[in-house]
Structure formats: structure tokens, C-alpha cells
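Remarks on the structure that follows.
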Amino acid sequence: MSDVNVLDEVFSKFFNDRGIFRDREVLRHDYLPDKLPHREDQIRRLGEVVAPVLKGARCSNVFIYGKTGTGKTAVTKYVLTRLEAKAKEVGSPVSFCYINCRLAGTEYRVLASLCNSLHLSVPFTGLSLGEVFERFVSGLDSAKRIMIIALDEVDALVKMRSDILLYELTRINENLSQSKVSIIGISNDLRLKEFLDPRVLSSLSEEELVFRPYNANELKAILAERAQKAFYEGVLSEGALSLCAALAAAEHGDARRALDLLRVAGEVAERKGAKTVTEEHVREAEKLIEHNRVIEALANLTLHSKLVMLSVFHLVRANGYKAITGEIYEVYSELCRELGVTPLTQRRVSTLVNELDALGLLNTQVISMGRYGRTKRIRLEVTRTLIKEAFSSDVMLERLLDYEPRCIQRASNKS
């Protein structure tokens, strides 16, 4: 049978079969439901913070902390969407702009998104940051409104770049005469304060909300509510629902993880022609997601973090043992030179190693070298195959996968 006929059969079968999903989009984590179970307190608190804008007053800046999948983004969008609707109802000039800083990637793109929300045209690149910022300030003041700027995953912007843009945004009201700005910062990293200038911190953290992880019962309730809309009746087994909740609760109470597990389990069952989603399908979905998640985590690293991973990759490939800090920095510096990139200091690279350890991509262990002090012994926590898969799509890094660092060759010849 030809490839065309095989695909025609696959597509026809899928189209003509009722399947098991009523609406699979309900299980995506960017879907905003009509209500958010077990986040009523956070919704009320954030609502109370932003409510003053309805009477023309600027509300406090807010910092929202919590691990991934604890409902920070959903609650923020939920509250701000309803705030904007209420503002239209009572005739208050209020609007909000939501930006995911990890997806935006640079200060320029964050500012361009802010300008676009005011229908100001900004080229994809070519202007100075100062000029884009001035356009935004001028356009906002002309609009005569109160704007709430929600910066999601703001830790990604601060770590990859700096907190200069945050500082400028917290001081923006000094340059406005007819409009006002409030900021909501959302962070997955509870240690973000360590990276912020004290002046930014004092301005931005006027109010703080911390989102705790969901427990297994809460996750089960969230999944059960979504599943009613997502699946046809009688399709989802109770065991599969409970297992999804239990697996996600064991891993920091991540609702996104639970929703992904349930959706992918449904897709696995659908592909197999099953009429019911079972625990076996959930187990299979877990393996698929784990693989994709590691690839995504590696692909989303900053350039220097990727070069640190590649340094350990080459040392493990050459020597088959755990690398130490000094060796990693030597290989990292050579890879930087190969790309024409200025290497970071050894201290900063050590910090990157710690961050990669926290992400579960590396495993670090401090060992004593006697009178020579202490060092870190580092090993990969992911396979070299996964690193190759994640980095091979990066044009800049692809050639470094097969590169043989000269410093490793010299060390091998000496021994």
C-alpha cells in the first residue's frame, strides 16, 4: 500500500469515527475555564488589589510566586479579563496587556508587544530600546487610560537579560501625566528576589501572592471538571483520572502536568482504537511526555547554559566519567571561542551549573580535594542522545555536537 493510501485510510478513519474526545482543547493549559477550583482565595485577593482602577486610581504592583502549574497565569488572566469587562460596563478607561517574557525573549520584543497593545506600529527590529520605550510612553499618555501590565515568567527575562526594563517600567508613572501603569510580575522561581536590584524589588513587590501546589484531591477535582467537557460520557475510567492526579501531585502538584497527562492518555487511547481511557494509557502518556519535556527544557536554555551542557556532554563522551568544574570551564571557554562568543566568568558558569542541577539536567556533588580545596563533580542526568536531539535543530550548536575540543585531546595525550 502506498504512503498516500495509508494516510488516506488514517485520515478517513479519524474523521468518520466519533472518537473519545468531545473537545480536546479543554485539556490544554492555555484554556481559560469559567471557574478555577481551589483558587478562590487567590482570585479574591488579586481582585481586591486591582479593584481601585475602576475608580481611576492606580493599583499596587503585585508579584505572584509559585511553581509551574499552580494556577498563577490562569488566575491572573481570569481576574484581568473580568476587570476589563467591568471597566467597560462602568465606563472606566482600563485595559491590560499580558506578555509571556520567555516567549518574547528580549526587552525589545516586550516593549514591541506593549506598543502593539496600543495599536502603535513598531518594526520587528531596527530601533533602539530607548526609542521604543519613548513611543510606548507617548502613545500610552495619549490614550488616557490606566494600564495593567502582566509580565509572565518574568524570571526568564531577568536571568537572560537584566532587570533594567523592570526598573524602567516601575518608574514609568513619573513620565506620564494623563495615564497610569501598574505591573503584575509572575515568576516560577521563588529565588527571583536574589537577581533583582533592591530599587526594583521595593517598587515591584508592593503586594505579594504565593501560590501553593495543588494536592491530589484538588487535582482530581480540576481534572474531573475539565473531563466532563473534554470527553464523551463513559469514556474516561475512574482509575485513569485518579492516576493522572496522583502522578501530578507527586511532582509538585502541577495542574499543567495533570492536564497534559490526561489529554495525551486520551490521544494514545484514540490512536489504538480503544473506547475507554485506562491506567495503561496514562502510563504510556507519561513516557511520551517525559521525553518531550526534557527536549523542551534543553531547547529553551540560554546559549551559555547550552554551552555548559555541551561541555559536560563532550567530557563524558571522551572520558566516560563525571566532569569537574575546572574541566568544564576549560571546554566551555573553547566552545565560546569556536562560536565567537565572549565567555562568562568561571563564577557565573558555576551558577549556571547550579541552575542546570536545579532543573534536573545535571547532577552536582561537592567533593574535597584535600589541601587543593573543594570542587564539584558533575554528571549528566539526561542521555547524550536527548542532548543531540534537542541541539541538532539549532544551526549554531549543531556543528559543536561532533566537535572534538582540543583541550580534551591534549589532556588525553598527556595521560
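The values are calculated or read from the model by the stated rules, or taken from the named source; none is laboratory data. Because the structure is predicted, anything quoted here is derived from the model rather than measured. Methodologically, a virtual Cβ is constructed for each residue, glycine included, from the backbone with ideal geometry; neighbour enumeration extends over all protein chains shown.
Data for the structure
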read-out	value
Members of the stretch 322-347 that are out of contact with any strand residue (DSSP E or B) (no Cβ under 7 Å at 6 or more places or on another chain) and within 22 Å of Glu389 (Cα to Cα)	Val331, Tyr332, Leu335, Cys336, Glu338, Leu339
Residue identified as of a type outside the set (A, V, I, L, M, F, W, C) and either under 30 Å from Asp30 (Cβ atoms) or in contact with a Gly (Cβ under 7 Å, 6 or more places away or on another chain) (or both) among Thr278, Thr325	Thr278
Residue within the stretch 215-234 that is part of a loop (DSSP other than H, G, I, E, B), farther than 25 Å from Arg348 by Cα and of a type in the set (Phe, Trp, Tyr) present	yes
Some residue of the stretch 196-211 being surrounded by fewer than 15 Cβ atoms within 10 Å (Cβ to Cβ), outside any strand (DSSP E or B) and either of a type in the set (A, V, I, L, M) or in contact with a helix residue (DSSP H, G or I) (Cβ under 6 Å, 6 or more places away or on another chain) (or both)	no
Residues located in the stretch 34-63, provided they are over 22 Å from the mean Cα position of the chain (by Cα), of a type in the set (Val, Ile, Thr) and farther than 14 Å from Thr81 by Cα	Val49
Only one of Leu259, Leu307, Leu219 that is under 20 Å from Leu359 (Cβ atoms) and touching a helix residue (DSSP H, G or I) at 6+ places or on another chain (Cβ under 8 Å)	Leu307
Matching option when the condition is out of contact with any Lys or Arg (no Cβ under 8 Å at 6 or more places or on another chain) and over 23 Å from Glu207 (Cα atoms), among Val122, Val158, Val137	Val137
Single residue of Val53, Val122, Val62 found to be under 21 Å from Leu165 (Cβ atoms), in contact with a Cys (Cβ under 8 Å, 6 or more places away or on another chain) and among the hydrophobic types (A, V, I, L, M, F, W, C)	Val122
Given (1) surrounded by 15 or more Cβ atoms within 10 Å (Cβ to Cβ); (2) modelled with pLDDT of 85 or more; (3) out of contact with any Ser or Thr (no Cβ under 8 Å at 6 or more places or on another chain), number of the condition Ala255 does not satisfy	(3)
Conditions (1) farther than 30 Å from Phe211 by Cα; (2) under 26 Å from the mean Cα position of the chain (by Cα); (3) of a type in the set (Asp, Glu): number failed by Glu84	(1)
Qualifying residue in the stretch 150-159 (condition: out of contact with any strand residue (DSSP E or B) (no Cβ under 9 Å at 6 or more places or on another chain), surrounded by fewer than 22 Cβ atoms within 10 Å (Cβ to Cβ), in contact (Cβ under 8 Å) with a residue 12 or more places away in the chain and not in a strand (DSSP E or B))	yes
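Here is a yes/no grid of residues against (1) at pLDDT 85 or above; (2) assigned to a helix (DSSP H, G or I); (3) over 24 Å from Ala390 (Cβ atoms); (4) over 25 Å from the mean Cα position of the chain (by Cα):
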| residue | (1), (2), (3), (4) |
| --- | --- |
| Gly239 | yes, yes, yes, yes |
| Glu284 | yes, yes, no, no |
| Leu298 | yes, yes, no, no |
| Leu301 | yes, no, no, no |
